[in-house]
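Chemist: Structure in structure tokens, see below.
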Amino acid sequence: MDLSSYTPMGDKKNSDYFNEYLPKVYERRRQAGLDENVGNMIGVAIQVEAGDGISYLAELAAMGPYRVYDSRATPTHRVFFLRSQPEFPRLVVFEPLTASYIDEITHWNLLHPLSSRKPNARYIGEIYRAESVQGVRDALEPQNVRFVYPGDTVNAFFTNDHFAFTVPSEFTYNRVGYSDHDLDDVDGLGIGEAKPLSAEEQEVLDRAAALQAEHGIADLILGLDHMATRILAGEREDAILEYLTLVPYYFWGAYNINEMNSSTNVTRHPDIDDDKKSPARVFTANNTPSIVNSFENLPMPTEDFVRNFGQRMHHMAMAVIDGHVAGEKNVDYVVAQLEDMGTKFLAKVVGECTDDPNLKQIFSKSSRYSLLITEYIERCHHYEGFFTRDNVAALTAAAGADERYEHGHVFD
Ligand SMILES: [Fe+2]
């Protein structure tokens, strides 16, 4: 794919500033060797509260394809490694050993009213395959990208020899990580000590997986389709330029969601046959900040989410395989079964899948462990576009309606 001649999709207008720097970012990436050094997304890192680890893993086992394949103990955390299909990214779940654990995440979560209830729960970032992590640092540090080094952060995973992790972005509060090592070889990574799940813990996860299988949905949910981060109105273009500086993705395009006063901005890997091998990263921002929106008083769930939780990952989307179960589209069947298993959803499945390529999507309620919403998305008949405006508007409205900010709750 020739990035220099690609015309982004969508109707969201970008500034001249963005249009000037986007090709410069691509060109610098090429010159610095980053496109050669850095490959697919191979992992996604998430932290939960002390005591929530097994419950979160059980939730993942019931709601999707991810299963634990290794478990470690470090001086600060239990670290769980999960996979779905071998060619899709792993999940790395951190659980602090004690409730009094504090790092950057804790401080950041405490600054925002709804995240302060779960001060260690946060999506941390993505991990990309790199031929050389030193090569990544050499390429990006001259570009004002900051990496963490031993002593910079409490969680030593981020400063392990086989990884390079950035300092969290000021725009998204996510890190980007790189690894030169196979994440399946956890011994070789040298992460803490092996700490297998106890028999009781394994039983909890096995029960969740068995329940999923009994409901006939185990083979219908494939893997991560995309992750969507919510950012401040004024930082949309900078957040995208920053991300595209760090990883070999391209700006696929952006659509205005007028009725929600927001835009959805999509970055993708340019060179894969299946997005699930390196899922798209989506950025959602209000078109105007809340104070200016008060002139129009449009709905603004995106800006409210950021004010409530801070800039953070909002949802992870899981792809549902396209097809039917007993005359029902797979996503409708999956959602009905998950509801039967106790999963709560926001509103209904949106979108149509008749004979034409299209999309059906739904948001779950946010996880009490990760605070992340899970989206289920069925791309019917090889839908080529990434999303539909109507679906996004409906999903955004549903997510906003579920959030409750009230004065005084911080000190309940
Ligand atoms: Fe989404």
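Chemist: Between residues in segment 89-107 that are at pLDDT 95 or above and residues that are acidic (Asp, Glu) and open to solvent by 10 Å² or more (accessible area, probe 1.4 Å), which pairs lie under 6 Å by C-beta distance while being six or more apart or on different chains?
Modeler: none
Chemist: I've got another one for you. Tell me which residues, restricted to segment 262-273, are away from the ligand (no atom under 16 Å from the Cβ) and touching a residue at least 40 places away in the same chain (Cβ under 8 Å).
Modeler: So the first thing to find is which residues in segment 262-273 are away from the ligand (no atom under 16 Å from the Cβ), and the list is 269-273.
Listed by number, the residues that qualify are HIS269, PRO270, ASP271, ILE272.
Chemist: In segment 307-348, which residues are part of a strand (DSSP E or B) and among the aliphatic types (A, V, I, L, M)?
Modeler: First, pick out the residues of segment 307-348 that are part of a strand (DSSP E or B): 312-320, 324-325, 328-329, 345-348.
Of everything in segment 307-348, those that are part of a strand (DSSP E or B) and among the aliphatic types (A, V, I, L, M) turn out to be MET313, MET316, ALA317, MET318, ALA319, VAL320, VAL325, LEU346, ALA347.
Chemist: Still on this structure, please answer the following. Among the residues in segment 288-306, are any in contact with a helix residue (DSSP H, G or I) (Cβ under 8 Å, 6 or more places away or on another chain), assigned to a strand (DSSP E or B) and buried (at least 20 other Cβ atoms within 10 Å of the Cβ)?
Modeler: The answer is no, given that none of the residues of segment 288-306 is in contact with a helix residue (DSSP H, G or I) (Cβ under 8 Å, 6 or more places away or on another chain), assigned to a strand (DSSP E or B) and buried (at least 20 other Cβ atoms within 10 Å of the Cβ).
Chemist: Also, I was wondering about something else. Run down ARG175, ARG146 and say which single residue is surrounded by 19 or more Cβ atoms within 10 Å (Cβ to Cβ) and among the charged types (D, E, K, R). Explain how you work it out, then say what you get.
Modeler: Working: ARG146 fails: surrounded by 19 or more Cβ atoms within 10 Å (Cβ to Cβ).
Exactly one residue qualifies, and that residue is ARG175.
Chemist: Give the residue, chosen from ILE221, ILE231, ILE257, that is within 16 Å of the ligand (Cβ to nearest atom), in contact with a strand residue (DSSP E or B) (Cβ under 7 Å, 6 or more places away or on another chain) and over 20 Å from VAL44 (Cβ atoms). Reasoning before the result, please.
Modeler: Details: ILE221 fails: over 20 Å from VAL44 (Cβ atoms); ILE231 fails: over 20 Å from VAL44 (Cβ atoms).
Of ILE221, ILE231, ILE257, the one residue that is within 16 Å of the ligand (Cβ to nearest atom), in contact with a strand residue (DSSP E or B) (Cβ under 7 Å, 6 or more places away or on another chain) and over 20 Å from VAL44 (Cβ atoms) is ILE257.
Chemist: Among the residues that make up segment 191-212, is at least one of them closer than 22 Å to ARG90 by Cα, out of contact with any helix residue (DSSP H, G or I) (no Cβ under 7 Å at 6 or more places or on another chain) and crowded, with 21+ Cβ neighbours inside 10 Å?
Modeler: Taking every residue of segment 191-212 in turn, none turns out to be closer than 22 Å to ARG90 by Cα, out of contact with any helix residue (DSSP H, G or I) (no Cβ under 7 Å at 6 or more places or on another chain) and crowded, with 21+ Cβ neighbours inside 10 Å.
Chemist: While we're here: Restricting to segment 236-258, what's the tally of residues that are in contact with a Ser or Thr (Cβ under 9 Å, 6 or more places away or on another chain) and either open to solvent by 40 Å² or more (accessible area, probe 1.4 Å) or of a type in the set (Val, Ile, Thr) (or both)?
Modeler: Of the residues in segment 236-258, 5 are in contact with a Ser or Thr (Cβ under 9 Å, 6 or more places away or on another chain) and either open to solvent by 40 Å² or more (accessible area, probe 1.4 Å) or of a type in the set (Val, Ile, Thr) (or both).
Chemist: SER115 is checked against (1) assigned to a loop (DSSP other than H, G, I, E, B); (2) open to solvent by less than 10 Å² (accessible area, probe 1.4 Å); (3) within 28 Å of LEU34 (Cα to Cα) and fails just one. What number does that condition carry?
Modeler: (3)
Chemist: Further question on the same structure: Go over the candidates GLU131, GLU126 one by one and state the one that is more than 18 Å from the chain's Cα centre (by Cα) and touching a residue at least 60 places away in the same chain (Cβ under 8 Å).
Modeler: Numbers: GLU126 fails: more than 18 Å from the chain's Cα centre (by Cα).
None of the others qualify; the one that does is GLU131.
Chemist: Of all residues in segment 307-354 being on the phi > 0 side of the Ramachandran plot and among the aliphatic types (A, V, I, L, M), which is least open to solvent (accessible area, probe 1.4 Å)?
Modeler: ALA347
Chemist: Now for a different question. I'd like to check something: does segment 213-225 contain any residue that is free of Cβ contacts under 8 Å to residues at least 60 places away in the same chain, open to solvent by less than 40 Å² (accessible area, probe 1.4 Å) and not in a loop (DSSP other than H, G, I, E, B)?
Modeler: Looking through segment 213-225, none of the residues is free of Cβ contacts under 8 Å to residues at least 60 places away in the same chain, open to solvent by less than 40 Å² (accessible area, probe 1.4 Å) and not in a loop (DSSP other than H, G, I, E, B).
Chemist: Right, here's the next one. Could you grab me the full set of residues in segment 366-391 that are under 14 Å from PHE305 (Cβ atoms) and either within 13 Å of the ligand (Cβ to nearest atom) or open to solvent by 40 Å² or more (accessible area, probe 1.4 Å) (or both)? Break it down stepwise before answering.
Modeler: So in segment 366-391, the residues under 14 Å from PHE305 (Cβ atoms) come out as 366, 371-373.
Correct list: SER366, LEU372, ILE373.
Chemist: Can you say whether THR343 is hydroxyl-bearing (Ser, Thr, Tyr) and away from the ligand (no atom under 15 Å from the Cβ), as far as the supplied structure shows? Don't jump to the end; show me each part of the working.
Modeler: Values: hydroxyl-bearing (Ser, Thr, Tyr): yes; away from the ligand (no atom under 15 Å from the Cβ): yes.
Yes: the conditions hold for THR343.
Chemist: Hey, does segment 246-253 have a residue that's within 14 Å of the ligand (Cβ to nearest atom), touching a residue at least 60 places away in the same chain (Cβ under 8 Å) and under 19 Å from the mean Cα position of the chain (by Cα)? Give the steps one after another, and end with the answer.
Modeler: Filtering segment 246-253 down to residues within 14 Å of the ligand (Cβ to nearest atom) leaves 252.
From what's left, touching a residue at least 60 places away in the same chain (Cβ under 8 Å): 252.
Now restrict to residues that are under 19 Å from the mean Cα position of the chain (by Cα): 252.
Yes, segment 246-253 has at least one match.
Chemist: Considering only segment 186-209, state which residues are small (Gly, Ala, Ser) and in a helix (DSSP H, G or I). Give the steps one after another, and end with the answer.
Modeler: Start the filter on segment 186-209 by keeping residues that are small (Gly, Ala, Ser), which leaves 188, 190, 192, 194, 198-199, 208-209.
Passing the criteria: GLY188, ALA199, ALA208, ALA209.
For (1) over 19 Å from the mean Cα position of the chain (by Cα); (2) among the aromatic types (Phe, Trp, Tyr); (3) surrounded by fewer than 22 Cβ atoms within 10 Å (Cβ to Cβ); (4) assigned to a strand (DSSP E or B), each residue gets a yes or a no:
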position: MET1; (1), (2), (3), (4): yes, no, yes, no
position: ASN19; (1), (2), (3), (4): yes, no, yes, no
position: GLU27; (1), (2), (3), (4): yes, no, yes, no
position: ASP35; (1), (2), (3), (4): yes, no, yes, no
position: GLY51; (1), (2), (3), (4): yes, no, yes, no
position: ILE54; (1), (2), (3), (4): yes, no, no, no
position: ARG72; (1), (2), (3), (4): yes, no, yes, yes
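Chemist: Give me the pairs: first residue in segment 316-330 and acidic (Asp, Glu), second residue modelled with pLDDT under 95 and surrounded by fewer than 19 Cβ atoms within 10 Å (Cβ to Cβ), beta-carbon distance under 8 Å, and six or more apart or on different chains, which are they?
Modeler: Note: pairs meeting the criteria are ASP322/HIS381; ASP322/HIS382.
Chemist: Scan segment 350-368 residue by residue and report those that are of a type outside the set (D, E, K, R) and in contact (Cβ under 8 Å) with a residue 24 or more places away in the chain.
Modeler: To start, the set of residues in segment 350-368 that are of a type outside the set (D, E, K, R) comprises 350-351, 353-354, 357-359, 361-364, 366-367.
The answer is VAL350, GLY351, CYS353, PRO357, ASN358, LEU359, GLN361, ILE362, PHE363, SER364, SER366, SER367.
Chemist: Moving on to the next point. Looking at segment 288-307, can you tell me whether even one residue there is away from the ligand (no atom under 16 Å from the Cβ) and of a type in the set (Lys, Arg)? So that I can check it myself, show each step before the final result.
Modeler: Pass one, segment 288-307, residues away from the ligand (no atom under 16 Å from the Cβ): 288-300, 303-304, 306-307.
Now narrow it down to the ones that are of a type in the set (Lys, Arg): 307.
Yes, there is a match, as at least one residue in segment 288-307 is away from the ligand (no atom under 16 Å from the Cβ) and of a type in the set (Lys, Arg).
The values are calculated or read from the model by the stated rules, or taken from the named source; none is laboratory data. The structure presented is a predicted model; accordingly, all values stated were derived computationally and were not measured. Ideal geometry is used to build each Cβ from the backbone, glycine not excepted, and the neighbour counts take in all protein chains shown. The accessibility values were calculated without ligands, DNA or RNA, using every heavy atom of the protein model including side chains. Shrake-Rupley method; radii C 1.70, N 1.55, O 1.52, S 1.80 Å.
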